[in-house]
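Reviewing the structure listed below.
The values are calculated or read from the model by the stated rules, or taken from the named source; none is laboratory data. Computed from a predicted model, the values in this text were never measured in an experiment. No Cβ is skipped: glycine too gets one built from the backbone with ideal geometry, and neighbour counts run over all protein chains shown. To get the accessible areas, we keep the full protein, side chains included, count just its heavy atoms, and leave off ligands, DNA and RNA. Shrake-Rupley method; radii C 1.70, N 1.55, O 1.52, S 1.80 Å.
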Amino acid sequence: MIEEPPILRIRRKFPRPTATQLAAFKGMPTGFICDAMNGKGSMATPIAPLDLGQPAICGPALVAQNGPEEILATIAALNLIEAGDVVISSVDGWQGGSCAGDQISGMMKNAGAAGFVTDGPMRDREGVLATGLPCWCTGLNPNSPYGKGPGAVGYGAVVGGVQVESGDIIVADENGVVVVPFARIDEVAGKLAEVKAAEDALEAEVKAGKKTILDLEEMAAEGKVVFDD
C-alpha cells in the first residue's frame with residue numbers, strides 16, 4: 001500500500017539578497033529593471049495592482065506553491081515571513097475563486113510582509129486595502145479556496161509566465177511585477193545606472209521638443225528603407 005504523502009513541503013532556509021542588493025532596486029521603476037534584463041522579467045499583464053494608489057514594493061520572494069483552488073501553502077507561508085518579504089502565491093493561474101482575502105492579508109501585514117502577489121484573484125477588496133498591504137492579483141472573485149493541500153513553501157513556481165524562486169528580488173509598482181533572479185541580482189543592479197541615465201537623457205530631449213527617433217533618409221541611403229512614392 002502506498003502511503004499518503006505529506007500535505008506540505010517547506011524549505012525554511014534559502015539564499016536571500018543582502019540589504020545592499022535590495023537597496024539598488026528600491027525606488028527603481030519596473031520598466032528600468034526590465035530594460036536592464038534585455039526587456040524581460042515581468043509577470044503577465046493580468047497580474048495587476050489591486051489599487052493603483054498603493055505604494056511600490058521591493059523585497060525577497062517567499063514563494064507559496066498552491067494547486068488550483070488551494071491556499072494551504074499560503075497559510076503556511078505566514079509562519080515563514082521575514083520583515084520585507086513579498087509573498088508569492090501560485091495557484092497555477094486558477095481563476096475560479098479567491099487566493100486570499102482581508103484576513104490573510106492582515107496576517108501577512110502583521111508578520112512584516114512588504115506585499116503579496118498571486119496569479120489568481122483576491123476578494124474582500126475594501127478589507128484588504130484597509131490592511132495597508134500592497135497586493136497584485138488578476139482581479140476579484142468571492143468564491144472560497146480550500147486548505148487541504150498539497151503545497152510547498154520556500155521553493156519556486158511559475159507565476160504569470162515567469163519562474164520565481166524564493167530569494168529572488170521582486171519589484172512591483174503600478175505597471176506590474178518584475179522578478180530579478182537571485183543569480184542575476186548583481187549583474188542587473190550594475191546596469192541600472194546606465195539604463196536610468198539613458199532614460200533621463202531621452203526624457204530631456206522629448207521635453208525639449210524631440211519628435212522622432214529614426215532618421216528614415218539615412219536608413220534609405222543605407223538600403224534599409226525603400227520609399228515607394
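Kirkwood hydrodynamic radius, computed over distinct alpha-carbon pairs, for the range 1-113: how many Å, to one decimal?
So the Kirkwood estimate lands at 16.2 Å.
Can you tell me the 0 to 90 degree angle between the C-alpha axis of helix 102-111 and the longest principal axis of the chain, rounded to 10?
Here the helix axis deviates by roughly 80 degrees.
For the chain, what does -39500 (n - 2.57) per DSSP helix run (n ≥ 4), summed and divided by total residues, give at 222 nm, in deg cm²/dmol to the nearest 500? Please list the in-between numbers first.
Working: 7 runs with 64 residues, N = 229.
One gets -8000 deg cm²/dmol as the mean residue ellipticity at 222 nm.
Can you give me the C-alpha center-to-center distance between the range 161-229 and the range 116-152, rounded to a whole angstrom?
With the range 161-229 and the range 116-152 each reduced to a Cα centre, they are spaced 32 Å.
Mind checking which aspartates and glutamates have their Cα closer than 16 Å to the Cα of K224? Skip sequence neighbours fewer than 8 apart in that chain.
D215
In percent, what relative contact order does the chain have, based on Cα pairs under 8 Å that are 6 or more apart in sequence? Before the final figure, lay out each step's value.
Numbers: 499 pairs, mean separation 64.4, N = 229.
That works out to 28 percent.
If you take every residue apart from E70 with its C-beta less than 12 Å away from the C-beta of E70, what net charge results, scoring Lys and Arg +1 and Asp and Glu -1?
Spelling it out: positives minus negatives among the neighbours equals -1.
Test of understanding: what is the full-extension gain from M107 to R184, defined as 0.36 nm times their sequence separation minus their Cα-Cα distance?
Working: separation 77, 0.36 × 77 = 27.72 nm, distance 3.11 nm.
Extra length from M107 to R184 when fully extended: 24.6 nm.
Could you check the spin-label model distance between V225 and K196? Points 7 Å from the Cα along Cα→Cβ, value in nm.
Result: 3.4 nm between the two label points.
What relative contact order, as a whole-number percentage, does the range 126-229 give when Cα pairs under 8 Å and 6 or more residues apart are counted? Walk me through the numbers on the way to the answer.
Details: 43 pairs, mean separation 11.7, N = 104.
Computed value for the range 126-229: 11 percent relative contact order.
Report the antiparallel proportion of the DSSP beta bridges in the range 114-229 as a percent, rounded to a multiple of 5.
Bridges in the range 114-229 are about 75 percent antiparallel.
Could you work out the percent of alpha carbon pairs in the chain separated by over 30 Å, rounded to a whole number?
31 percent
Along its principal axes, what span do the Cα atoms of the range 135-229 show, with the longest given first and each in whole Å?
67, 35, 29
Compute, for E217, the solvent-accessible surface of its heavy atoms (probe 1.4 Å) with the complete set of protein chains present, and express it in square angstrom to the nearest 10.
My reading of the accessible area for E217 is about 130 Å².
Show me, bin by bin at 10 Å from 0, the whole-percent P(r) of the range 57-101 based on Cα pairs.
Going from the shortest bin to the longest, the percentages are 30, 51, 19, 0.
What is the spin-label model distance, in nm, from E217 to K40 if the labels are put 7 Å beyond Cα along the C-beta direction?
In this crude spin-label approximation the distance works out to 3.9 nm.
What FRET efficiency would be calculated for the residue pair E203, A23, taking the C-beta separation as r and a Förster radius of 35 Å, to the nearest 0.05?
After rounding to 0.05, the efficiency reads 0.90.
So, for the range 22-73, what is the accessible surface per residue at a probe of 1.4 Å, expressed in square angstrom?
Roughly 41 Å² per residue, with all protein chains present.
With the cut-off at 1.5 for a/c, could you classify the range 52-146 from its C-alpha gyration tensor as rounded, prolate or oblate? Intermediate values should be presented prior to the final figure.
Values: a/c = 1.58, a/b = 1.20, b/c = 1.32.
Oblate, because a/c is 1.5 or more while a/b does not exceed b/c.
Sum up the charges of everything whose Cβ sits under 15 Å from the Cβ of E82, counting Lys and Arg as +1 and Asp and Glu as -1, but leave E82 out.
Residues near E82 contribute +3 overall.
Return one whole number: the accessible area per residue of the range 150-229 in Å², for a 1.4 Å probe.
So the range 150-229 comes to 61 Å² accessible per residue, rounded to a whole number.
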